[in-house]
Amino acid sequence: MRKGAHVRTRLVTLLLALIAALLAIPGTAAADAQGGESVWGQIRNPDSDDEGVEGVDIAVSQEGEEIGSATTDADGNWEVEVPEPGTYQVVLDEETVPEEFDLLQVPAGAERDVEVRADQRFAVVYRLVPQGEGDVAASPSESQEADSEDSGGSGEEDAAGSGAEEGEGVVEAPGVATGPGLANQIIGLTVAGLLFGLIIAISSVGLSLIFGTTRLINFAHGDMVTFGAVMAMIFSGTSMLTGLHEPFADVPVLGLVTNPLIVGTVLAVVCGAAVGGVLELFLWRPLRKRNVAMIQMFIVTIGVALLLRHLLLVVFGANREKYVQFRIQDMVNIGPIAITPRDLGIMVLSVLVLVAVASMLQFTRIGKAMRAVSDNRDLAESSGIDVNRVTVYVWMLGGGLSALGGVFLGLNQSVYWQMGFHLLLLMFAAVILGGLGTAYGAMVGGLVIGLVAQLSTLWFSAQLMNVWALLIMIVVLLVRPQGILGRRERVG
Amino acid sequence: MDIMMTLALSLETAIGPIAAIYVLAAIGLNMHFGYTGLLNFGQVGFMLVGAYGVAVCVTTFGLPLWVGFCVSVLCSVVLALILGIPTLRLRADYLAISTIAVAEVLRLLYRAEFARPVTGGVYGRQSFADAFYEFNDRVGIIPPGSYGIGDVDFSADELWLMLVSWACVALALGMTAMLMRSPWGRVIKGIREDEDAVRALGKDAFTYKLQSLVLGGVFGGVAGVLIALNQGNITPDQFMPQVTFYLWAMLLLGGVGTLWGPVIGPVIMWFLLTLFDETLRSLASSGALPFLATSDSGALRHALVGIALMLLIIYRPQGLVGNRKEMLVNVK
């Protein structure tokens, strides 16, 4: 009875807090027009994504009257300022396209009508292809690639359509196509949510186990995810692995197994495990020996995260990139679900890995030891378990799994230096929802968070996806701080 | 030849408005963590609502600047209450996660498309600080011109902003010093040492913690106002969680739980960071570091802050002026 009253008080507090939060954002007001509208874009060299095409002329006109024109610079960038919001016609002069390239006529040709809103920098995407391929009605795979790139934030004429809109804190919706109709949309988003949830689950099992065994909340876990994705990208681009792939390219099974990305993923997972092990051996264990308090350790993880993230930024650069392999794919239909083989593969592999981890925890000696240490470190130690050895294994497991999660996330979306950090808060939400310190809780929590994030886009803007996930986390902390699968006494 | 210029530039940053802003926010953080033991990783959220309070009031609603300032302070108080009432009962590490989550949620909300008519979405708000500088022109506290010694010099506008920001810092410092000597301060410090003991003595620890959160949050909010005034334009994406981590590094460098720690830390840190930045840039542009692009210096600076954070907390948790014993007794 008393407990119920307590929960109610907290719920009321929460409601009040939410109302106050709504009030804190002042009401709406008319948008002020401050000028600054423009139309811009970048024309990239189809042979290499990094280079632009110089000297292409683009003219912008309104109702037959030319407003302005621009010529792409050395990086392929162009921009035309327009005087006011409205509808404009953008025309690319095909004469100025270098001879070795053609303009891709799909999904639209050289002339586009665009609607520019107040204060908007409207991105218009023109794609060039090697000569002779432009007029051909693009094969399904090609248009598929164009689609997936657009959803990856390169700014085709979408409603939000601005360069600044890309990235910065928004993990995008995984690219699973949705048909028309609410039912199809729900099915599509559920699949996307499951996919996203599985990725979160894989990445956060380690986070939860590490907390269980060492009581450490590892802020650097997100950057270990990025590390895995970047490593896989580096490995899969090396000439050694592509060389390895070549003789087997046409052999059915071997061709897939020796695919540079798959070999690169395996190597990345090994590297991730190594990083986890090294961190435990050379940082956390000495710190524990020095009796550094938990809070201090927590701040150290933030230091590690900053260091790792920005080293990755220097190595990898600030761009978003996609893996070259498995990029162009046709949808396959399974009943009402349309999904690319790539995403299907990710889902199947994720489930297999999660089942493998679960059986490892359930049935093997080391798995049982991990759970024992996670439950009660002192008791485990006194019953003869080598706690330090188990902790190293837990860190290696966590590092490897987070690297794998990173590759999957990179495959599904794109690889960039902050991808892991943006995932980190969702991983926290997952492990807290499931119960900190329990591996199975992280799996359940990950799935729930992924589904919630995706399904929320049915009613709310995709920009707010993470907000819902984080709000769930805060509500769980208030109502049931031990999480779905946690035990009550664990939380003080 | 550039050494003097680099040093002068570093010194300018160290005593300039940006350092003062960080000092103010760090004083707030010190109130939270140093005195009360609250692991607040969402200080940047207070700065965000502070900055937007002014910007939105002036640009969207056309209100005068001082009203905006009041709204900023009010927003910080409201945020502290929203943040504190549910989360202050949680264990320290949960508090840390939820504060960082709330700060991030705020940033996402302010940059969201639906908030665009009010907050300007991803583009933020511009040109709202004019009234602040016009006030100086009209009253003539700092006459126009350039002030400085040697290579270190400031314009009248900069000096005016510096005057205001360091005055805010002095006010906050004075308030902290007096509060910490009062019975209120003793209870606050008692909560840091042993919350249960304080509760056993009949004090309502939760209310005290909430008061501390509000006070430190208001300092953060005022720092946000000063950021807005300093830049004249703000976007949500400059309020990334990294700002909070910077503040932590600066506070730890100066000394947690001391009066002067949060002042010394940011000043020294900004001096060193600018020195590092400028040196690296001049080295890179002269071609001495062929493997580095000039644009990498920002990333390397962040990495350096990460290393500083680790080394400080491991080897000198009390910072430059702190007392080791005070830092070691800690919330478990």
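Since every read-out is calculated from the coordinates, none of them should be taken as a lab result. Keep in mind the model is a prediction, meaning the values are calculated, not measured. Cβ coordinates were reconstructed from backbone atoms using ideal geometry, including for glycine residues, and neighbour counts include every protein chain displayed.
Only Lys, Arg, Asp and Glu count, each charged at its Cβ (+1, +1, -1, -1), so figure out the dipole size of the stretch A:379-491 about its Cα centre, rounded to 20 debye.
Working: 5 positive and 3 negative charges, 40 e Å.
Roughly 200 debye for the stretch A:379-491.
Could you tell me how far the Cα centroid of the stretch B:83-150 sits from the Cα centroid of the stretch A:182-210, in Å? Centre-to-centre distance over Cα atoms comes out at 34 Å.
Sorting A:His310, B:His32 by the number of Cβ atoms found within 10 Å of their own Cβ, with the fewest placed first, yields A:His310, B:His32. The label-point distance for A:Leu244 and A:Arg389, in a model that sets each label 7 Å from Cα toward Cβ, rounds to 3.0 nm.
Work out the length of the dipole vector of the stretch A:362-435 about its Cα centre, built from +1 on the beta-carbon of each Lys and Arg and -1 on the beta-carbon of each Asp and Glu, and round it to the nearest 20 debye.
Working: 5 positive and 4 negative charges, 31 e Å.
The calculation lands at about 140 debye.
Here is what passes the span test in chain B: the DSSP H helices with alpha carbon length of 27 Å or more along the helix axis and a Kyte-Doolittle mean of -1.0 or above are B:65-87, B:92-111, B:156-181, B:205-231, B:261-285, B:296-315. Computed about its Cα centre, the charge dipole of the stretch A:193-327 is approximately 600 debye, with only Lys, Arg, Asp and Glu carrying charge at their Cβ. Positive end of the dipole of the stretch A:284-428 (Cβ unit charges, origin at the Cα centre): among A:Leu397, A:Val348, A:Tyr416, the Cα lying farthest that way belongs to A:Leu397.
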